[in-house]
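Comments concern the structure below.
The values are calculated or read from the model by the stated rules, or taken from the named source; none is laboratory data. The model shown is predicted, which means the values in this text are computed figures rather than measured ones. Quick reminder, even Gly has a Cβ in these numbers, built from the backbone with ideal geometry, and neighbours come from all protein chains shown.
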Amino acid sequence: MEGLVRYGTAGAVATLTLARPGKLNAFTRPMLKELREAIDRAEADDTLRVLVLTGEGRAFSAGQDLNHMPETSAGVGVILEEDYAPVVTRLMRHRLVTVAAINGPAAGAAANIALACDIAVAAESASLMQAFVRIGLIPDAGGTWLLPRLVGLRNAMALALTGDAIPAREAQAMGMVYRVFPDAAFAAEVEALAQRLAAHSPVACRLIKESLRDSLGNDLTTQLALEARLQSEAAGSDAFREAVARFLAKGR
Ligand code: LHQ
């Protein structure tokens with residue numbers, strides 16, 4: 001470990017902090033390896049419920065470090081498949097509820113890694129940028145798959161073709177970000193949100209994630225059947241039984 005991604009826990013919340021602040025947390029291969037390992041470490045820890053991904057210093061991340069580009073164009077495809085795709089797929093399929101805490105600019109692949117988390121929140125001064133077109137590239141790290149689904153084809157096209165930096169409030173209006181918090185309160189708000197999520201039934205959270213992710217490839221009939229199956233499982237959980245008992249005990 002070179003300490004390019006910090007790993008911390010507080011109760012059932014793991015926080016992964018991209019930690020190359022002098023380089024705006026831009027990604028290198030060793031850093032992506034550390035990120036993958038940290039994501040796996042959180043997945044394997046049964047005491048955890050929530051994973052928060054954030055950046056140290058003034059940026060979330062500037063995306064791929066342009067000083068550490070592969071020497072050949074074929075090499076670009078290799079690092080996308082070997083370094084970026086495993087991060088995106090691990091985040092999208094993670095056992096924990098994943099929260100991107102976008103503390104500052106999130107550019108290129110970093111924006112799309114943030115979007116791959118279950119929930120994204122942003123500091124008021126943060127921004128998201130599909131920077132790729134500015135350097136003659138297409139969105140990667142899952143961007144071409146995620147963007148049309150999150151913001152619709154019309155916005156996805158505009159984001160990708162302009163490369164505009166989208167301020168947090170506009171990103172929220174577009175559907176890329178759930179909540180925007182004042183900069184001064186950001187860390188505390190993220191912590192409060194994470195702890196609140198961590199208190200929810202892990203069974204329900206797992207099944208919510210599975211049902212919503214799977215819906216993207218399902219028709220309505222398939223999805224209704226999936227809901228029936230997964231809801232039966234949720235209804236068999238202690239969390240459901242206890243919540244109903246509490247409700248009835250109040251005499252309502
Ligand atoms: C940087 C970077 C950076 C190195 C700022 N690299 N130094 C994956 C795999 C393989 C191939 C290709 O693609 C990909 C996916 C990608 O992620 S491609 C997209 C890569 N990212 C970008 O193109 C974003 C470039 N950066 C920016 O647009 C801005 O720097 C942002 C919006 C991140 C921040 O803007 P500011 O707050 O105004 O900061 P700045 O521009 O002044 O940057 C500060 C320093 O950081 C500066 O260096 P200096 O020595 O002048 O202080 C930048 O050169 C350096 N830096 N991004 N990606």
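The table for this structure:
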quantity	calculated
Selected residue (criterion: farthest from the chain's Cα centre (by Cα)) from residues of the stretch 20-78 that are basic (Lys, Arg) and farther than 17 Å from THR98 by Cβ	LYS23
Candidate set: the stretch 86-100, residues that are over 25 Å from GLY22 (Cα atoms) and within 16 Å of the ligand (Cβ to nearest atom); chosen: the one surrounded by the fewest Cβ atoms within 10 Å (Cβ to Cβ)	THR89
Pair list, Cβ < 6 Å and 6+ apart or interchain, from the stretch 185-197 residues that are within 16 Å of GLY8 (Cα to Cα) to residues that are modelled with pLDDT of 95 or more and small (Gly, Ala, Ser)	VAL190/ALA101
Single match in ARG49, ARG36 (criterion: without any contact (Cβ under 8 Å) to a residue 60 or more places away in the chain and either under 15 Å from LEU91 (Cα atoms) or surrounded by 22 or more Cβ atoms within 10 Å (Cβ to Cβ) (or both))	ARG36
Sole exception among (1) over 25 Å from THR162 (Cα atoms); (2) in contact with a Ser or Thr (Cβ under 9 Å, 6 or more places away or on another chain) for PRO30, by number	(2)
Among the candidates ALA116, ALA42, ALA62, ALA141, residue that is of a type in the set (Gly, Ala, Ser), in contact (Cβ under 8 Å) with a residue 40 or more places away in the chain and closer than 19 Å to GLY175 by Cα	ALA141
The stretch 101-125 - residue that is in a loop (DSSP other than H, G, I, E, B), over 18 Å from PHE27 (Cα atoms) and more than 14 Å from the chain's Cα centre (by Cα) and, of those, farthest from the ligand (Cβ to nearest atom)	GLU124
Looking only at the stretch 101-150, and only at residues there that are charged (D, E, K, R) and in contact with a strand residue (DSSP E or B) (Cβ under 6 Å, 6 or more places away or on another chain), the one that is surrounded by the most Cβ atoms within 10 Å (Cβ to Cβ)	ASP118
